[in-house]
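First comes the structure, then the notes that go with it.
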Amino acid sequence: MGRKRSRGRSRGPRSHTRRRPQTMEGTIRVLRPGVAEVACAEGTFPVARGGIREAMDADRVRVSLVSRSGTQMAVVQGVIERATSSFLGTYHDLDPLGVVVALDRRMQHDFFVTPGDTSVERLGVGEGDVVVARVLEYPTRKSAGVVTIDARRGAADELDLAVESIVASSGLATEFGEAALAEADALLDDVTETIGRETGRRDLRGAVALTVDPTDARDFDDAVSARRTDDGFELEVHIADVAHYVAPGGAIDNEARRRTCSTYLVDRVIPMLPERLSCDLCSLRPGVDRLTMSVALTLDERGELTGAEAFPAAIRSRARLDYDTVDALLSGEVDDLALPVACDAAADPEADPDDAAEAEKSLALAVADTLRVLDEVARLRAKVRAGRGAIDFDTREAKVVLDESGAPTGVRVREKTRATSLIEEAMLLANEAVAGMLAAAEAPAAFRVHERPAPDDLAATLPILGELGVCRGRRRDAIVAGDPHAIRAALADARGTAGEFLVNSVLLRAQKRAVYLPRNDGHYALGAKAYCHFTSPIRRYPDLIVHRSLAALVAGRARCKAQQELARDLPQLCRTCSEQERVADRAARDSQKVKMAELYRERIGESFSGVVVGCERFGLFVMLDDTCAEGLVPTRALGDEWFYFDESRLMLIGEESGRSWQPGKRVAVTVTGANPARGQIDFALADGRA
């Protein structure tokens, strides 16, 4: 008889080999409470929910990878090296223990002060005080952290805790190290000596150069000169020569690399460079000799660039002007002779009074003529950029005005004007010209790159654009293909109509974010073949990188060892600068929201007109006309019915009434609440009507 065949599984021994999860080392970056990513040599991985464990921002960690919904995600298995040794927090007494709650909302760990610690009594720390806590024992998965108090910063009512929390949660460096401050203090105001020593530096102190900035500006890093010629225009853009003072690898440079940019909060500026540089040696103040890296640009009668040259220079600004004054001059509201100028003769006590007055008058007329030339150049350049497909979205910038105590008193809304445009166009032109020089020479630099939008993102705008009548026939295909002329045409068709805001909004949302890259891939929105940031080295590290490369190129040292080292470091530098730019921008916006909420906390019950700027399943986001303050009208405040969200049209619709809301719709709202700590304002429809 034959053997029976076995059914089912074999009863023989089996080998069970469980694959161990892949582990690697990296640096964790906590983006917001409970959300993080880990940068490893193998790539950057999001952290799985609950996977942060005992780690804190910037720690060196060991992680394992798990697969969640087809995505590889990291889980922290242990901390290799801690990055945080102390932090700001509020102290609370939980007798017999003390507890310190970190102002950095990303730190979701408990930290206790043990009963035997005398620092609380020694420093006079009270309930709710803000303190500097030093970590003695780091938290683990089974135990809380232990800290001691190193310093008392002040009582809660003495500090703006909401803004301090934003600073802490953003990881912004607020103090410079002793080495950087000592290095800055040792720098010399050596303009005259430098001119004599550097044969290639041009002495332009006799030229009419001027600055135009917001009224509250403290650092002036760009100045301009301009004149008409027989066949067009000559324009010079002078930028503070930060690279002359900040050497690569020095203490100041290391601080600047770490910060990558200045952060402009509602109540303060956290600078990239020490004040000795940003507000003194590198600030192009009127009547003071300053070193610059300058770009001379020649344009034809249509505003087309016909030539560009870069060189180190020395200038003396002849006027420190603000946008309001320049707008008033260009509109005829201010006389030429009323312009404030820095005239050498007028400042000389030994000069003849009549001669000084005549010299001051002549200088004021020259400054006014320079501004009118710049205004004409700006209009021509706008046409040139439009012709090549540059896309200009309509935006408004709101800044809360504070009194000396930090309390909000109002809002200043900045919009594009002739004065802002003449400076903006000059800076755009200089940035583009410098990028062209560096790209042509294949010099290492941090280029500012803006990629073409993804076709899928642009295709998602078609239902709304079609409904508003700005996207028909061939234009549909052209918009999906990212043709900038088609997008400009859609924006132009919507201008002045009820759908203008919505068209701007959906097309802007479809754009990619500009980033810094070590290669030139052009700038889509500007229609530029090459672009970089050159004009603000006081407040942006990529600009300082560009200055160093440009200086090396001008001096014939484009292939020197320093440039080779820069090329090696560029990829990581560009990534860091792009990331930190987003952090700084978010902190600036959040700080404005805090003070805006404080302002409207005093206006609860008042009604205002505004426009819907966003729709979600949970409600409407409304921006007020006068102040650009944004708040939420929750669906529960829209009426006693079911609302559904049409994602393709960004529309919220009442199921029974058929009432609908969409970005761009005008509404009247009443302020019902405000939470400054969260930067939130709550609205309801005024009188319950849409």
> Regarding Arg372, is this residue surrounded by fewer than 17 Cβ atoms within 10 Å (Cβ to Cβ), of a type in the set (D, E, K, R) and in a helix (DSSP H, G or I)?
Replying inline: yes
> Taking segment 178-200 on its own, how many of its residues are exposed (fewer than 15 other Cβ atoms within 10 Å of the Cβ) and either touching a Gly at 6+ places or on another chain (Cβ under 6 Å) or of a type in the set (Gly, Ala, Ser) (or both)?
Replying inline: 5
> Going through segment 173-186 one residue at a time, which ones are in a loop (DSSP other than H, G, I, E, B), of a type in the set (Gly, Ala, Ser) and touching a residue at least 12 places away in the same chain (Cβ under 8 Å)?
Replying inline: Ala173, Gly177
>> Tell me whether segment 505-525 contains one or more residues that are out of contact with any Cys (no Cβ under 8 Å at 6 or more places or on another chain), assigned to a loop (DSSP other than H, G, I, E, B) and aromatic (Phe, Trp, Tyr).
In response: yes
>> Quick check on my filter: what residues within segment 201-245 are surrounded by 16 or more Cβ atoms within 10 Å (Cβ to Cβ), assigned to a loop (DSSP other than H, G, I, E, B) and among the hydrophobic types (A, V, I, L, M, F, W, C)?
In response: Phe220
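Going through segment 90-143 one residue at a time, which ones are of a type in the set (A, V, I, L, M) and part of a helix (DSSP H, G or I)?
Start the filter on segment 90-143 by keeping residues that are of a type in the set (A, V, I, L, M), which leaves 94, 97, 99-103, 107, 113, 120, 123, 125, 130-133, 135-136.
If the condition is that a residue be of a type in the set (A, V, I, L, M) and part of a helix (DSSP H, G or I), then Val120, Leu123 are the ones that fit.
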>> For segment 246-267, which positions are in a helix (DSSP H, G or I) and in contact with a Lys or Arg (Cβ under 8 Å, 6 or more places away or on another chain)?
In response: none
>> Quick check on segment 33-81: of everything there that is within 27 Å of the chain's Cα centre (by Cα) and not in a strand (DSSP E or B), which residue is farthest from Thr23 (Cα to Cα)?
In response: Pro33
> Out of all the residues in segment 297-338, which are surrounded by 20 or more Cβ atoms within 10 Å (Cβ to Cβ) and closer than 14 Å to Val434 by Cα?
Replying inline: Leu297, Ala310, Pro312
> Tell me, which residue of segment 524-574 that is modelled with pLDDT of 95 or more and among the charged types (D, E, K, R) is surrounded by the fewest Cβ atoms within 10 Å (Cβ to Cβ)?
Replying inline: Lys529
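State yes or no: is Gly496 in a helix (DSSP H, G or I), at pLDDT below 90 and not basic (Lys, Arg)? Don't jump to the end; show me each part of the working.
Details: in a helix (DSSP H, G or I): no; at pLDDT below 90: yes; not basic (Lys, Arg): yes.
Against the criterion (in a helix (DSSP H, G or I), at pLDDT below 90 and not basic (Lys, Arg)), Gly496 does not qualify.
Kindly provide the set of residues from segment 438-467 that are within 22 Å of Arg575 (Cβ to Cβ) and either of a type in the set (Val, Ile, Thr) or surrounded by fewer than 16 Cβ atoms within 10 Å (Cβ to Cβ) (or both), ordered by number.
To start, the set of residues in segment 438-467 that are within 22 Å of Arg575 (Cβ to Cβ) comprises 438-439, 442-454.
Correct list: Glu442, Val449, Ala454.
Return yes when Arg412 is of a type in the set (Lys, Arg) and either without any contact (Cβ under 8 Å) to a residue 12 or more places away in the chain or under 30 Å from Asp590 (Cβ atoms) (or both) and no when it is not.
Working: of a type in the set (Lys, Arg): yes; either without any contact (Cβ under 8 Å) to a residue 12 or more places away in the chain or under 30 Å from Asp590 (Cβ atoms) (or both): yes.
Spelling it out, Arg412 is indeed of a type in the set (Lys, Arg) and either without any contact (Cβ under 8 Å) to a residue 12 or more places away in the chain or under 30 Å from Asp590 (Cβ atoms) (or both).
Name the residue that is nearest to the chain's Cα centre (by Cα), counting only residues in segment 384-430 that are among the basic types (Lys, Arg) and surrounded by 15 or more Cβ atoms within 10 Å (Cβ to Cβ). Explain how you work it out, then say what you get.
Initially, segment 384-430 is screened for residues among the basic types (Lys, Arg), giving 385, 388, 396, 399, 412, 414, 416, 418.
Right, trim to surrounded by 15 or more Cβ atoms within 10 Å (Cβ to Cβ) and you get 385, 399, 418.
Numbers: Arg385: 24, Lys399: 14, Arg418: 23 Å.
By that ranking, first place goes to Lys399.
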> Does segment 621-648 hold any residues that are of a type outside the set (Val, Ile, Thr), buried (at least 18 other Cβ atoms within 10 Å of the Cβ) and more than 26 Å from the chain's Cα centre (by Cα), and which are they?
Replying inline: Leu638, Phe643
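Would you pick out the residues in segment 266-287 that are under 14 Å from Ala173 (Cβ atoms), hydrophobic (A, V, I, L, M, F, W, C) and surrounded by fewer than 23 Cβ atoms within 10 Å (Cβ to Cβ)? Walk me through how you get there before you give the answer.
Of all residues in segment 266-287, those under 14 Å from Ala173 (Cβ atoms) come to 268-274.
Add one more test, that the residue is hydrophobic (A, V, I, L, M, F, W, C), and what stays is 269-270, 272-273.
Correct list: Val269, Ile270.
A quick yes/no check of all residues on (1) small (Gly, Ala, Ser); (2) touching a helix residue (DSSP H, G or I) at 6+ places or on another chain (Cβ under 6 Å); (3) at pLDDT below 95:
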| residue | (1), (2), (3) |
| --- | --- |
| Arg201 | no, yes, no |
| Asp219 | no, yes, yes |
| Ala240 | yes, no, no |
| Asp253 | no, no, no |
| Ala256 | yes, yes, no |
| Arg259 | no, no, no |
| Asp289 | no, yes, no |
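On the basis of being in contact with a strand residue (DSSP E or B) (Cβ under 8 Å, 6 or more places away or on another chain), touching a residue at least 60 places away in the same chain (Cβ under 8 Å) and not aromatic (Phe, Trp, Tyr), does Val341 make the cut? Spell out the reasoning first.
Numbers: in contact with a strand residue (DSSP E or B) (Cβ under 8 Å, 6 or more places away or on another chain): yes; touching a residue at least 60 places away in the same chain (Cβ under 8 Å): no; not aromatic (Phe, Trp, Tyr): yes.
No, not satisfied.
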> Yes or no: Asp190 touching a Lys or Arg at 6+ places or on another chain (Cβ under 8 Å), at pLDDT below 95 and within 17 Å of Met293 (Cβ to Cβ)?
Replying inline: no
> Out of the residues in segment 468-500 that are over 29 Å from the mean Cα position of the chain (by Cα) and farther than 16 Å from Ala510 by Cβ, which is surrounded by the most Cβ atoms within 10 Å (Cβ to Cβ)?
Replying inline: Asp493
> Looking only at segment 148-172, which residues are in contact (Cβ under 8 Å) with a residue 60 or more places away in the chain and either among the charged types (D, E, K, R) or within 28 Å of Val75 (Cα to Cα) (or both)?
Replying inline: Asp150, Arg153, Asp160, Glu164, Ser165, Ile166, Val167, Ala168, Ser169, Ser170, Gly171, Leu172
> Do any strands (runs of 3 or more DSSP E) entirely within segment 572-685 hold 1 or more residues that are touching a residue at least 12 places away in the same chain (Cβ under 8 Å) and among the basic types (Lys, Arg), and if so, which?
Replying inline: 666-675
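So if I check each of Ala351, Ala342, Ala359, Ala366, which one is among the small types (Gly, Ala, Ser), assigned to a loop (DSSP other than H, G, I, E, B) and within 23 Å of Leu284 (Cβ to Cβ)? Working first, answer last.
Numbers: Ala351 fails: within 23 Å of Leu284 (Cβ to Cβ); Ala359 fails: assigned to a loop (DSSP other than H, G, I, E, B); Ala366 fails: assigned to a loop (DSSP other than H, G, I, E, B).
Matching residue, one of Ala351, Ala342, Ala359, Ala366: Ala342.
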>> If I go through segment 576-589 residue by residue, how many of them are of a type in the set (Asp, Glu) and touching a Ser or Thr at 6+ places or on another chain (Cβ under 8 Å)?
In response: 1
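The values are calculated or read from the model by the stated rules, or taken from the named source; none is laboratory data. Computed from a prediction, not measured in an experiment: that's the story for all the values here. Glycine also receives a Cβ, built like all others from the backbone with ideal geometry; neighbour counts cover every protein chain displayed.
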